[in-house]
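The values are calculated or read from the model by the stated rules, or taken from the named source; none is laboratory data. Keep in mind that this is a model prediction, so the values were computed, not measured. Cβ: placed from backbone, ideal geometry, glycine included. Neighbour counts: every protein chain shown. Heads up: the accessible areas ignore ligands, DNA and RNA and are worked out on the full protein's heavy atoms, side chains in. Shrake-Rupley method; radii C 1.70, N 1.55, O 1.52, S 1.80 Å.
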Amino acid sequence: MPARLRLRRGLTVPASWEFPAYDVVVAGGGPAGAATARRLALAGHTVALLERSHFERPRVGETLAPSLQPLLRDLGVWERYCALDPLPSWGTRSIWSSAVPAEHSHLESGYGCGWHVDRRLFDRMLFDAAAGAGAEVSLGTSVVNCRYESGSWQLTCSGGRRLTSRVLIDATGRSATIGRSLGARRFAIDRLVGITAQWTDVDVTVERYLLIESVPDGWWYTAPLPGNTMVAMLMTDADICRHHHLSASKPWRTHLQSTTATALRVDGARLPTTPRVYSAASHRLIRPGDTRPWFAVGDAALAVDPISGSGVPRALRTAEAAATTAAQLLTHPADATPVTSYESTRNTECTTYLSTRADYYDAALPHPTPFWTRRKLGYDRPAPEPMRR
Ligand SMILES: Cc1cc2nc3c(=O)[nH]c(=O)nc-3n(C[C@H](O)[C@H](O)[C@H](O)COP(=O)(O)OP(=O)(O)OC[C@H]3O[C@@H](n4cnc5c(N)ncnc54)[C@H](O)[C@@H]3O)c2cc1C
C-alpha cells in the first residue's frame, strides 16, 4: 500500500503523485462550465474550473432571453447579474420575408423583459460565482493533454501544470476541444459564421430591441449594448464570407449599407474597430461506445444557430443536468447509465432544435440565393463548390 497524501476536503491520493486531485475538472469557464462548476461546488464536490482566457477580449452573444431570469435565480446569481446593470430589451423586430417588420414583445413572455449585456462581464460574473461557491478556478489555463488511467483522469495544462480528477467535463464551447481530443466526432449541421463589430456614440435609450434583417447572403443582427454602443453582426456561411471578403472592413460596411433598417440604426455612429469573425456553426458532439467518465456541456455538446436566441439559457439548463450526471458518476463510477441518459436527452434536444431551425428557415425563402436554399434543404452541409449568384 503506497503512502497517501491528505488533500482538500479529505481526498487522498498516492504520495507518488505530485499533483492535486479533484472530483471533477471542468475545462472551459464560459456560462456552461462556470454554472456546472458552481453547482458541483455548492453540492460539496471538489472542482477545478480551468479557463483558457483572462476574459480580456469582447465576447459575442449579447442578447439574453427573458427565460434566463429563473435560471439565474436558481443558480443563486440573480443579484450579481442585476449589479451588471444590463439594458432591458423589449423584444425582437424582424424583417425576414416581408418588408414590413414583424414585432415580438418580450413582455408577453411571462418573465418580463429580456436584456442586452456586455457578455465579457456576464461571463466573468458567472466565473467568479463558481469561485465564490468553492470551485478552484484558474485563468489563462487550458488542458493540453488528458489520459484516463486506473480510474482517474491525468491532465496536463498549459504551463506544465498537472492535476487529476475522477470526472472530466468538456465546456470548451463550439470547439469541443477536449471531446474531440478524446475521439468524439462533431455532427456538423452548418458552417455559419458571425462577422461582428461595435458602433459607438449610439443613443441606446430608444433602441432597446434586437433587430434581425435578412439579406441575400444571410441576415444582420443589431442590438444595443451598455455604454451607448450598438453591436452589428452579419450571419452568413464561412465560404460566402471568404468569397466576398466580408471579414474586411470595407466590404463589411458596404454590405451593411445595402440593408434598410439595419443601416439606419447605426447612421451617424462611429466604428472604431475592425470586424471579427466568430464561428456560429451548429453541431452535436457524438461519442459512440466511450464508457470513460467524461461528457460535454453547453455548446461543446450541442451548439445551435444564434437565430434561436437560446444559447445562454441552454448552457445554464444543461449545466444543471451536467452537475447531476457528474454527481451520479462520482457515487457509482462503474455505472454508465447516467452518461447514457444525459447523452440521450441531448440527442432529443438536438432533434427538437433541428425541427425549430427548419421552422425558422423554411417558413419563408426571403432570397433565392445559396445561403437560403441550403437551409431549405434541411441540415446538409453547404456545398463546397465556389459561390455563384
Ligand atoms: C455569433 C454568435 C452570436 C450569439 N448570440 C447569442 C445571443 O444573442 N443570445 C444567446 O443566448 N446566445 C447567443 N449565442 C450563443 C451563446 O453565446 C453560446 O451558446 C454560449 O456562450 C455557450 O456557452 P458555453 O459555456 O457552452 O461556451 P462558450 O461561451 O463558448 O465558453 C467556452 C469557454 O471555454 C474556454 N475554452 C475554450 N477552449 C478551452 C480549453 N482548451 N481549455 C480551457 N478553456 C477553454 C473559452 O475561452 C470560453 O470561455 C451566440 C453565439 C454566437 C457564435
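Couple of notes before you dig in:
- In Hz, Karplus ³J(HN,Hα) per residue of the range 48-58 (6.51, -1.76, 1.60; θ = phi - 60°; x = Gly, Pro): 10, 10, 10, 10, 5, 8, 10, 6, 8, 10, x
- Across Glu349, Glu320, the residue with the most accessible area heads the list, and the full order at a 1.4 Å probe is Glu320, Glu349.
- For Val193, the residues whose amide H sits under 5 Å from its own are Thr236, Asp237, Ala238, Ala280, ignoring neighbours fewer than 5 places away on the same chain, with H placed 1.01 Å from N.
- When the surface is traced with a 1.4 Å probe over the full set of protein chains, Lys376 keeps roughly 90 Å² accessible.
- Applied to the range 334-340, the Karplus parametrisation 6.51 cos²θ - 1.76 cosθ + 1.60 on θ = phi - 60° returns per-residue 3J(HN,Hα) values of 8, 8, 7, 4, x, 6, 4 Hz, with x for Gly and Pro.
- Within the range 226-328: Cβ-based charge dipole about Cα centre, in debye rounded to nearest 20 (Lys, Arg +1; Asp, Glu -1): 200
- Across the chain, the relative contact order, built from alpha-carbon pairs under 8 Å that are at least six residues apart, equals 20 percent.
- With a 1.4 Å probe rolled over the protein heavy atoms of all chains, the accessible area of Glu62, Glu56, Glu108, Glu207 falls in the order Glu108, Glu56, Glu207, Glu62, largest first.
- Ranked by how many other beta carbons lie within 10 Å on average, peptides 220-231, 24-35, 79-90, 163-174 from highest: 24-35, 163-174, 220-231, 79-90
- Relative intensity of the range 148-299 on a log10 scale, I(q)/I(0) at q = 0.19 Å⁻¹, equals -1.05, per a Debye sum over C-alpha point scatterers of equal strength in the absence of solvent.
- Considering only Ser98, Ser247, Ser310, the Gaussian network model of the chain with Cα springs below 10 Å gives its largest mean-square fluctuation to Ser98.
- The chain - Rg over Rh from alpha carbon coordinates, Kirkwood radius: 0.99
- Dipole-positive endmost among Cys157, Leu354, Leu246 within the chain (Cβ charges, Cα centre): Cys157
- Accessible surface, per residue, of the chain when the full set of protein chains is kept, probe 1.4 Å, Å²: 44
- Accessible carbon and sulfur surface of the chain relative to its total accessible area, %, 1.4 Å: 53
- Every helix of 4 or more DSSP H residues in the chain counts as -39500 (n - 2.57), and over all residues that averages to -9000 deg cm²/dmol at 222 nm.
- Karplus-based coupling profile of the range 206-220, in residue order and whole Hz: 10, 10, 7, 8, 8, 10, 10, 9, 7, 9, x, 8, x, 8, 9, with θ = phi - 60° in 6.51 cos²θ - 1.76 cosθ + 1.60 and x standing for Gly or Pro.
- Applying 1/(1 + (r/R0)^6) with R0 = 51 Å to the Cβ-Cβ distance of Leu107 and Thr331 gives a FRET efficiency near 0.70.
- Per residue, the convex hull spanned by the Cα atoms of the range 323-373 amounts to 90 cubic angstrom.
- Cβ-placed point charges (K, R +1; D, E -1), dipole of the chain about Cα centre in debye, nearest 20: 1000
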